[in-house]
Amino acid sequence: MALEPAILVNGLCKSFEDNSVLSNVDLTIDWGTQLTIFGSNGSGKTTLLKSLAMQCRPDGGSINIAGRDVSRDRSTIRQNIGVVGHQPMLYQDMTCIENLIFFGRMYGVNEIAKRAQKVLSEMGLGRHLNDRVRNLSHGMQKRLAISRAIIHKPPILLMDEPETGLDIVALEIVKSLIKSWTSKMGAVVITTHSIEIGLGWGSDVAILNNGAIVYRAKQEEVDQMWMRKTLLSNFGLTS
Amino acid sequence: MKNFFVPILLIVWKDILTEIRNKDIILASFVFAILVLVICNFAFEITPATVHILASGILWISFIFAGILVMTHSFVVENDLNSLEGLLLCPISRDALYWGKMLSLFLFMMVVELLLLPIFAVLFDYNVLSPSLILIMVLATIGFATVGTLFASMSVNTRAREIMLPILFFPVVTPVLISAVEASMSIIGGGTAIIDIRGWIQLLLLFDVVYLVVCPWAFGFVVEE
Amino acid sequence: MVDKTDGLNTEPKSQGGNMKLIYASIFISSAMMIANMYLIFVWAPTERIMGHIQRVFYIHVPMAWLAFIAFFIVFVSGVLYLWKKDFKYDRIASSAAEIGVIFTTIVLITGPIWAKPVWGIWWSWDARLTTTLVLWMIYIGYHIVRSYSSNRAQAATYSAILGVIGFIDVPIVYFAVDWWRTQHQRLVVGVTSVEGSLNPDMRIVLYFSLIAFTALMLCLLWLRVSMKGLEMKLQSVKNNRKNLLPLG
């Protein structure tokens, strides 16, 4: 395991109707690290994450996740990733616990009822076990979506703008969740256009602009002041 | 093998649970089908003398229109909070996903059709229930659900999805419709022997088998595109 | 970006080579069609019983055969597209489907024109006619699904699937309708053996017409496929310009 990086992307290209969204993206993410990808709207963040989650097929290049090629071992890779997207990907008319049990069973999780309860209380949804998703607020749905993504304890977590819709309490939960993931040698990739989230959570950073990685640095190399200034002035991000 | 069947049953269970909660699919399409029966009554002036000739056609008109609603809805549910993406992220084979959706579609359509039989009997004072009719209904509904699952999964991703599904669906299932109407007519009309419908049953079986092979294959391309 | 620009620069050369061939094929097929019209309307003997109306037959029958061939091309290139994910096959499939729909439309129009004076009815729900109508509707759906798709890859995938399903459906529909007809002997029309009663001159006209229409179909197919290739290229040039503008 230690030999293969968690995620290895080589020359990834993707275009929609000739609009090149990703051009020649190379990316390596090691086990036990968190990578934050900054990018303004339309920079290709979501497409990059969707390619990693095998939700869209790349036009060129290769992606290896945990040493496996995404064009082949798709089932095995799916078992090993958890995805939080823009939409919650849940069933409106089922309760929180039912949603988690359903998806947990799909992943073949053992003792799913206990696991689901534990995850829900970790995510601060302990009082909403039997509430239907339809009746949850947007932020609560987001929390449940994150619970769905981690129900099968995937070593790799992919989160597309996890901060949207979450309050400060939830953000703290997510932050500690990511910490526990990296401390257990998992890998976490998040995209964001919030400088606070990206720099405050102590992770490696990358900047995606016009479909290409234009900056990449390890956590300890990041000059916070410089990053802040660059992101604000050159990439139109908000603090 | 267990890994293949568990997700199928889970998807069916999930669809049934959702349906019991909101009753969106069955109630709406059932009411719609009754409306079709009422319209047919005025359109064809059904009398005790003509009912045995018209019964089969009217039944299948209402079945197929109700079925279209069920099909559209079974994928609209998945589109609500984009839960189809959630299903696709799961480490299950795309075939299992197809079979799950197809099976629940089949069940819902069968429930609506079976509910319609007594209504039909009451409205037109004509009992159509018989074991061989149920057999025809099962075979034809498998055909509808097989093609319907594929086309509904396609049309839900297009613009004008409500229009798209019938345009794609009706021409392709003409053989099912012809066989079902003809076979039911001989059963309901009573006069003809069972030997007459054997050919139609074979045709329905042929259609079902062919599309049970082709549609899951094609479904893989629809969702992995 | 770089290799795309390279591709564009090399394009005019190969296009120039192609153009000569395209002009030649247009010229050949037009000449054959003019000769064909002469044969059909002037040279061919007038049929004794049906009269001049029988001349529709020389257009109707080749059109029907070629429509089926066009749909077979749709089927094969559809499978190839699903397999290789190369838009080249999608261009071939969709062009063939356009031609197939046009030819089927002509079949459905010329059929009643021929049938009315001969059978006394415009339309009969027999296996051939009904199957052609159902086929026509399936491929109309093929084009509708393309225009309502949200992107090019989706349009190509969905229409390829329809092309495959439609083609598989044809024999089943034919069988069902044929059988349904034998159960309901409503109309008896005995014109199925027209080809048998042809005299040698008529036969020559029919075969020439078939060859001429085949040439026309291939020419149309080629034109459409290369036109779609150019459309795609134009689109990508436009998009590249759009992408570059903010920087320049």
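Please say if the stretch B:1-69 is rounded, prolate or oblate, where rounded means a/c under 1.5 for a ≥ b ≥ c the square roots of the C-alpha gyration tensor eigenvalues, and otherwise the choice is prolate for a/b larger than b/c and oblate otherwise? Present the calculation step by step, with values, prior to reporting the outcome.
Values: a/c = 4.89, a/b = 2.46, b/c = 1.99.
Because a/c hits 1.5 or more and a/b exceeds b/c, the stretch B:1-69 counts as prolate.
Could you give the distance between the Cα centres of the stretch C:205-219 and the stretch B:107-152, to the whole Å? Distance between centres, Cα-based: 48 Å. Here the sum of -39500 (n - 2.57) over DSSP H runs of 4 or more residues, divided by the residues of chain B, equals -30000 deg cm²/dmol at 222 nm, to the nearest 500.
The residue among A:ILE213, C:SER77, B:VAL112 whose Cα reaches farthest toward the positive pole of the charge dipole of the protein assembly as shown, with charges on the beta-carbon of Lys, Arg, Asp and Glu, is A:ILE213.
Ranking request for peptides B:175-185, B:49-59, A:149-159: highest mean number of other beta-carbon atoms within 10 Å first, then the rest in descending order.
Working: B:175-185: 24.3, B:49-59: 17.6, A:149-159: 21.5.
Highest to lowest by the protection proxy: B:175-185, A:149-159, B:49-59.
Distance check, please: which entries in A:LYS142/B:LYS14; A:LYS114/A:LYS184; A:LYS14/A:LYS50; A:LYS50/C:LYS84 exceed 18 angstrom between their Cα atoms? From the list (A:LYS142/B:LYS14; A:LYS114/A:LYS184; A:LYS14/A:LYS50; A:LYS50/C:LYS84), the Cα-Cα distance tops 18 Å for A:LYS142/B:LYS14; A:LYS114/A:LYS184; A:LYS50/C:LYS84. Once you have a ≥ b ≥ c as the square roots of the Cα gyration tensor eigenvalues for the stretch C:2-241, tell me rounded if a/c is under 1.5, and otherwise prolate or oblate according to whether a/b is larger than b/c. The shape class here is oblate.
Among A:ASN210, A:ASN110, A:ASN19, determine the one that fluctuates most according to a GNM of chain A built with springs between C-alpha atoms less than 10 Å apart. In the Gaussian network model the winner is A:ASN19.
Tell me, what does the Kirkwood hydrodynamic radius of the stretch A:1-77 come to in angstroms if you use every pair of distinct C-alpha atoms?
Working: mean 1/r = 0.0773 Å⁻¹.
12.9 Å is the Kirkwood radius here.
Taken over the Cα atoms of the protein assembly as shown, the convex hull encloses 186 Å³ per residue.
Scaling the Cα radius of gyration of the stretch C:42-81 by the globular reference 2.2 N^0.38 Å produces a ratio of 1.80. Taking the three principal axes of the alpha carbon atoms in the stretch B:60-152, the coordinate ranges are 51, 24, 16 Å, sorted in descending order. Over the C-alpha trace of the stretch A:58-117, radius of gyration and Dmax come out as 14.6, 42 angstrom. I want to verify a result. In a Gaussian network model of chain A, Cα cutoff 10 Å, which of these has the top mean-square fluctuation: A:ILE190, A:ILE168, A:ILE81? In the Gaussian network model the winner is A:ILE168. In degrees, nearest 10, range 0 to 90: what is the angle between the Cα axis of helix B:24-44 and the longest Cα principal axis of chain B? Once rounded, the angle reads 30 degrees.
Averaged over peptide B:199-205, the number of partner chain Cβ atoms lying within 10 Å of each residue's Cβ comes to 2.
Could you please tell me the mean projected area of the C-alpha convex hull for the stretch B:2-224, averaged over all directions and given in square nanometres to one decimal? Mean shadow area of the hull around the Cα atoms is 12.5 nm².
Annotation: aspartates and glutamates with alpha-carbon distance below 16 angstrom to B:LYS23 (same-chain offsets under eight excluded): A:ASP93, B:ASP15, B:GLU78, B:ASP80, B:GLU113. Using a simple spin-label model with pseudo-atoms 7 Å out from Cα toward Cβ, C:ILE211 and B:ASN79 lie 5.2 nm apart. Counting every alpha-carbon pair across the stretch C:13-98, the share separated by more than 20 Å comes to 59%.
Ratio of Rg to Rh for the stretch C:56-157: 1.07 [Cα atoms; Kirkwood radius as inverse mean 1/r over pairs].
Taken about its Cα centre, the protein assembly as shown carries a charge dipole of roughly 800 debye when the Cβ of each Lys and Arg holds +1 and the Cβ of each Asp and Glu holds -1. A straight Cα-to-Cα reach below 15 Å connects A:LYS218 with the aspartates and glutamates A:ASP30, A:ASP204, residues fewer than 8 places away in its own chain not being considered. Working note: Debye formula, equal point scatterers on the alpha-carbon atoms of the stretch B:97-225, no solvent; log10 I(q)/I(0) at q = 0.11, 0.15, 0.20, 0.22 Å⁻¹ is -0.43, -0.76, -1.16, -1.30. The value obtained for the stretch A:103-216, namely the Cα convex hull volume divided by the number of residues, is 127 Å³ per residue. Once the C-beta distance of A:GLU4 and C:HIS143 is scaled by a Förster radius of 41 Å, the resulting FRET efficiency is 0.30 to the nearest 0.05.
Counting trypsin sites (Lys or Arg not before Pro) as exposed when in a DSSP loop with at most 16 other beta carbons within 10 Å, what is the longest stretch of chain B free of them?
Numbers: sites that count: B:LYS23, B:ARG159.
Of all site-free stretches, the longest is B:24-158.
Extent along the principal axes, Cα only, for the stretch A:1-147: 46, 35, 25 Å, with the longest axis given first. Note on A:LYS229: aspartates and glutamates with a C-alpha under 14 Å away, same-chain residues under 8 apart excluded, are A:GLU196.
Here, each number is a calculation from the coordinates, and none is a lab measurement. Model, not experiment: these values are computed from the prediction. Cβ atoms come from the backbone with ideal geometry, glycine included; neighbour counts cover every protein chain shown.
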